[in-house]
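**Student:** This structure is in structure tokens; I'll ask about it shortly.
Derivation of every value follows stated rules applied to the coordinates shown; laboratory data play no part. Keep in mind that this is a model prediction, so the values were computed, not measured. Reconstructed Cβ throughout: ideal geometry from the backbone, glycine too, with neighbour counts over all protein chains shown.
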């Protein structure tokens, strides 16, 4: 309400009293005095209770946005001078929205971003460095990998929020029906199991042994990078692409073997702008037996599979011939503050973030941020959150991910990283659809990567 | 009235020309200038620095930038050609049907046809993405009832672009049908009667009388359909993200990725310039061809 009930009654009584004054002069004088009093009262109220509006841009689904809105509401109750608006866009539009609105009056004050985008956002002065007190808190209370992912040139640029990593998800019911006792531990086992799990009808695949995602850069590249890491390789070494290594040759070769064996059907692996689509539908419908995916899709699986979610199990990434163990690829997200926001907005934004990520905002020692992340099946990055949600993180599905966290390799955060990912995606998809063979895809991916990272470093 | 006619002409034209200058000519000139600069969209124009034909050489080079742009350009041209080839004949056929005496007053049918054009493209894209779903999509289910195996639609580089063309055809045909109906109503009845007296009937009447007299309408429709097709963006951004394997990556979407996501404003401007030149050349060629035919 703009005016309180008492204000309306007071205004009415004042107007009535002024009206009763005998002369016009007296009425006008009284009105001027009342107006001046009101003006002074309003200004003094504003000075005591300043209002600042900040906005939070995210790509989270509606149920998570509702949790974030509830947290913001709780914060606003204790901080009446701050108004927080939550804006959500599809994942595919997040970076574009952030970049296109960055300097404008309607720009989001806070945004949840993928750490891979951070170096370029820092270079373009879109995000602001965390105040020293916040940076110290982040260094103290967050895991080292999360802090590293939020750091550029030794400076911290935001509060880390989620950590995701990849693992092999498989359908236990389909494994049992095919007479397979447990998940594959090596690439040879993966290929053999995928062959046994694939069903065809007249040359058409009705159940694929292994699911490969397409039309979504991270969905294509991260599983490949996890297989590469589990074969002793890496995408980037010392800032230079390493797709010409022996480990990479074997990984491209293994992908080719899966394709040639027709145990993976690319038409069952398409993703859309919301990172949902056929790849998810087919796993939910029990038409994909195995897939390498990140922990965050737990909420989508639960919602889609209902009681059949119990059939989903998690296992480490199978190890390649040159690998020394299973190494998943991990990546992080962080919440950053817009450098173009006003000083007041930036102060309010950091204050809100400090509260949102602290144990004071949640229950049982957890932060509100941790609570909303865990609700999606995402691993929180604050150490106190990991402790507070230890039971939840020990669930059948998530435990498989949590156990891999120590051996995980962070996805390389370099200038030009997104463009490099897009280029690698192109060649891996070209292999999936039979447009390129492994040696050609590998050579071109390495050439593209060298050109992209070289240009970005200039 | 005082003042020379020249003064009045300038005075009366200045508001519209001024608006054109602010919203069309200045941005266009700025784009041309930026296409020769290295410039990040996140920095002021003063931060741009001259690199001559650097952006253009990268676009026409053999690197990933050139390869992706050329693929986007080819996809856009295929999409435009397929859209025009299907939409124009279909809209003329429907217009001829609607123009029959029995249906001439049927406004409901016209409204139904036109209504697809009124639905926002975002909603169309969302609905069609579900219709095309390989596993649970109604189209594949309907095909299954008649014994046809499920098709990949948006999930295969061979069919994804054509699937988007079908979506475009569904949305735009109604609009072009209305234009064609308007064209048919402009044909003088005296010509129609004279042709009938001369014995023109059926297909012969259509090819010799109706179609030649619809030429101007078709020329206009063709150019509008071409411009609409080149500007395709929403279905790509919402459904396919340019995939699979870049098979639906069109120029508008690609320029957004380069210019906004990667902040390479100079490179994006150079790409926009090339598209503008190609579009200008195509439209000029269509006008020239139409002009030659009317002179003949």
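**Student:** So what are the stretch A:408-458's ellipsoid semi-axes, whole angstrom, largest first, if each one is the square root of 5 times an eigenvalue of the alpha-carbon gyration tensor?
**Tutor:** 21, 13, 8
**Student:** Quick one: the Cα spread of the stretch A:369-424 along its three principal axes, in angstroms, biggest first?
**Tutor:** On the principal axes, the stretch A:369-424 reaches 40, 22, 18 Å in Cα extent.
**Student:** Another question, if that's okay. Based solely on its DSSP helices, what 222 nm [θ] is calculated for chain A when runs of n ≥ 4 H residues each add -39,500 (n - 2.57) and the sum is averaged over all residues, nearest 500 deg cm²/dmol?
**Tutor:** Mean residue ellipticity at 222 nm (helix-derived): -15000 deg cm²/dmol.
**Student:** Taking R0 as 51 Å, what's the FRET efficiency between residue B:135 and residue B:292 from their Cβ-Cβ distance, rounded to 0.05?
**Tutor:** Efficiency, rounded to the nearest 0.05: 0.50.
**Student:** Just need the Rg to Rh number for the protein assembly as shown, please, alpha carbons only, Kirkwood Rh.
**Tutor:** A ratio of 1.04.
**Student:** So what's the gap between the Cα centers of the stretch A:176-221 and the stretch B:247-262, to the nearest angstrom?
**Tutor:** Their Cα centres are 33 Å away from one another.
**Student:** Given the options B:209, B:283, B:275, state which has the largest fluctuation in a GNM of chain B using a 10 Å cut-off (strictly under) for Cα springs.
**Tutor:** Between B:209, B:283, B:275, it is B:209 that shows the largest mean-square fluctuation.
**Student:** Over its Cα atoms, what ratio of radius of gyration to 2.2 N^0.38 Å does the stretch A:290-382 give?
**Tutor:** The reported ratio for this selection is 1.49.
**Student:** Counting only helical runs of four or more DSSP H residues, what would the 222 nm mean residue ellipticity of chain B come to if each run contributes -39,500 (n - 2.57) and the total is spread over all its residues?
**Tutor:** -21000 deg cm²/dmol
**Student:** Averaged over every viewing direction, what's the projected area of the C-alpha convex hull for the stretch B:173-296? Give it in nm², one decimal, please.
**Tutor:** 10.6
**Student:** Angle check, please: helix A:5-20 long axis (alpha carbons) against the longest principal axis of chain A (alpha carbons), in degrees 0 to 90, nearest 10.
**Tutor:** Compared with the principal axis, the helix lies near 30 degrees.
**Student:** Within 10 Å of each residue's Cβ, count the other Cβ atoms and sort A:291, B:146 from fewest upward.
**Tutor:** B:146, A:291
**Student:** May I pose another question? Counting alpha carbon pairs within less than 8 Å and at least 6 residues apart, what relative contact order, in whole percent, applies to chain A?
**Tutor:** Computed value for chain A: 22 percent relative contact order.
**Student:** Moving to a separate point now. Can you give the Rg and Dmax of the stretch A:350-458 based on its C-alpha atoms, in angstrom?
**Tutor:** Considering the stretch A:350-458 through its Cα atoms, Rg and Dmax are 20.0, 54 Å.
**Student:** Using alpha-carbon positions, what is the distance between the centroids of the stretch A:423-458 and the stretch A:230-248, in Å?
**Tutor:** The distance from the Cα centre of the stretch A:423-458 to that of the stretch A:230-248 comes to 13 Å.
**Student:** Expressed as a whole number of Å, what is the distance separating the alpha-carbon centroids of the stretch B:66-125 and the stretch A:98-154?
**Tutor:** 46
**Student:** Averaged over every viewing direction, what's the projected area of the C-alpha convex hull for the stretch A:124-169? Give it in nm², one decimal, please.
**Tutor:** 4.4
**Student:** Would you mind classifying the stretch B:1-70 by shape? Square roots of the alpha carbon gyration tensor eigenvalues, ordered a ≥ b ≥ c; an a/c under 1.5 is rounded, otherwise it is prolate if a/b is larger than b/c and oblate if not.
**Tutor:** Since a/c reaches 1.5 and a/b is larger than b/c, the shape of the stretch B:1-70 is classed as prolate.
**Student:** Ignoring solvent entirely, what values of log10 I(q)/I(0) come out of the Debye formula for chain B at 0.07, 0.13 Å⁻¹ when each Cα is a single scatterer?
**Tutor:** -0.39, -1.09
**Student:** Further question on the same structure: Taking only Cα atoms and a 10 Å spring cutoff, compute GNM fluctuations for chain B and point out the largest among B:207, B:153, B:145.
**Tutor:** The residue with the greatest mean-square fluctuation here is B:145.
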